[in-house]
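Accompanying notes for the structure given below.
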Amino acid sequence: MELNLYTNDQIDQERADWVKKIVQFTIDELNLTKEIELSIHFVDIAEIHSINKKYRDTDRPTDVISFAIEDGDETVFEQFDDIIEEDVGDLFICLEVVADHAKEYGHSLDRELGYTIVHGILHLNGYDHIEKDDEETMIGLQEKILTKFGLEK
């Protein structure tokens, strides 16, 4: 796995190392067979608000926004099937919003950040929670990964 981590001075090295561990753990739990490339950008509240407004037409900050490379259109990438590494996309995470959510839900910062990262990675790998059945699958898998990593509710 190639992980590009853009901290933008939002997190320190210890937190960056922890992020790498949970990302690798999640990738292993998903049994992804190809080597993947993933980028995570830690941004401030103004930037996540701007991204959310521009790309999701939602005028407020959020904790995580995922931009999947393939996003369901497999035909664009068929010609690259022999490429060993697959770029699954980018996550943009605002630690300030994650910390607010941790307080709101009574979770530790680690638990909420882990939730945010795993949730984003699942989105980048085709999971969603629009339909009830899909939500049960995604959230169930997310909780299983978090629990195995040691981040129970």
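The values are calculated or read from the model by the stated rules, or taken from the named source; none is laboratory data. What you see is a predicted model, and the numbers here were worked out from it, not measured in a lab. Virtual Cβ from ideal backbone geometry, glycine too; neighbours counted across all protein chains shown.
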Original post:
Out of (1) in contact with a Cys (Cβ under 8 Å, 6 or more places away or on another chain); (2) at pLDDT below 95, what's the single condition that is false for residue 84?
Top reply: (1)
Original post:
If you scan the stretch 4-33, which residues turn out to be more than 16 Å from the chain's Cα centre (by Cα) and under 19 Å from residue 67 (Cα atoms)?
Top reply: 8
**OP:** Tell me which residues, restricted to the stretch 122-149, are outside any helix (DSSP H, G or I) and either more than 13 Å from residue 27 (Cα to Cα) or basic (Lys, Arg) (or both).
**Re:** 126, 127, 128, 129, 130, 131
**OP:** Just one of (1) assigned to a helix (DSSP H, G or I); (2) modelled with pLDDT under 95 trips up residue 117, so point out which.
**Re:** (2)
